[in-house]
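Below is one structure, written out as structure tokens; comments come after it.
The values are calculated or read from the model by the stated rules, or taken from the named source; none is laboratory data. Not measured: the values here are computed from a predicted model. As a convention, Cβ positions derive from the backbone with ideal geometry for all residues, glycine included, and neighbour counts pool all protein chains shown.
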Amino acid sequence: MIDDEGGLPGRAGKKRKHRRRLPGDPAAPASVSRMLRVDQAGEYGARRIYEGQLAVLGRSRSGPALRRMWEQEKVHLDTFDGLLPARRVRPTVLSPLWHVAGFALGAGTALMGERAAMACTVAVEETIDRHYAAQAEALEERPEEAPLRETIERFRAEELEHRDTALEHEAEQAPGYPLLSAAIRAGSKAAIWLSERF
């Protein structure tokens, strides 16, 4: 039975809230395709950021932590690289841009110092956390996508570990931290928006 808000009554009289599709919202399969496309692009960009940072800081005290985070990002990317063809989803056409921009962002912040590189990690990972959280919430209404949701939740937890590692490496003490973080977050959000659509 459907309640007045379009949801199903839950236990103890509570209503489950379901967001209604609005005009212009993508159909469900298209929505999942966009998720996979942007997630693959994001993990590719993250891998390139760490490669840029490692090119500069690979032998620094931050090197081992950066390498561990890079290895996890590689697993994330390999997963989405496998899901795209399996689900017949094309990758973003912007991959060449993310190839260059990701490495440049990583190397550029690393040249500013270890703390700036870690500030970059915090900003990127916090943006990805919110992005993955929204995807996991959207997939709650799609029981057939439970395995994808579990993958996203697992990767989200690892992205939060990267953020915490960066904070432990004094990211917040980077010169101009608030401005640097805001700029990187804005760039990350723009990259997400573009990769979902192109």
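Annotations for the structure displayed:
- For the range 35-81, the candidate set comprises residues that are touching an Asp or Glu at 6+ places or on another chain (Cβ under 8 Å) and among the acidic types (D, E); within that set, the residue that is farthest from V100 (Cα to Cα) is E73.
- Residue tally, condition aromatic (F, W, Y) and either more than 26 Å from L139 (Cβ to Cβ) or surrounded by fewer than 12 Cβ atoms within 10 Å (Cβ to Cβ) (or both), over the range 149-197: 2
- Which numbered condition R34 fails, given (1) at pLDDT below 95; (2) surrounded by 12 or more Cβ atoms within 10 Å (Cβ to Cβ); (3) over 14 Å from the mean Cα position of the chain (by Cα); (4) part of a helix (DSSP H, G or I): (3)
- Positions within the range 134-148 being under 15 Å from the mean Cα position of the chain (by Cα) and exposed (fewer than 14 other Cβ atoms within 10 Å of the Cβ), in sequence order: A134, E137
- Count of the range 84-124 residues which are in contact with an Asp or Glu (Cβ under 9 Å, 6 or more places away or on another chain) and part of a loop (DSSP other than H, G, I, E, B): 2
- Options V93, V100, V89; residue that is among the aliphatic types (A, V, I, L, M), more than 16 Å from R185 (Cα to Cα), surrounded by fewer than 16 Cβ atoms within 10 Å (Cβ to Cβ) and free of Cβ contacts under 8 Å to residues at least 60 places away in the same chain: V100
- For first residues located in the range 31-49 and farther than 30 Å from G63 by Cβ, partners that are at pLDDT below 95 and acidic (D, E) and lie 6+ apart or on another chain with Cβ distances below 6 Å form the pairs R34/E196.
- Take the conditions (1) charged (D, E, K, R); (2) touching a Leu at 6+ places or on another chain (Cβ under 6 Å); (3) not in a helix (DSSP H, G or I); E145 misses just one of them, which is (3).
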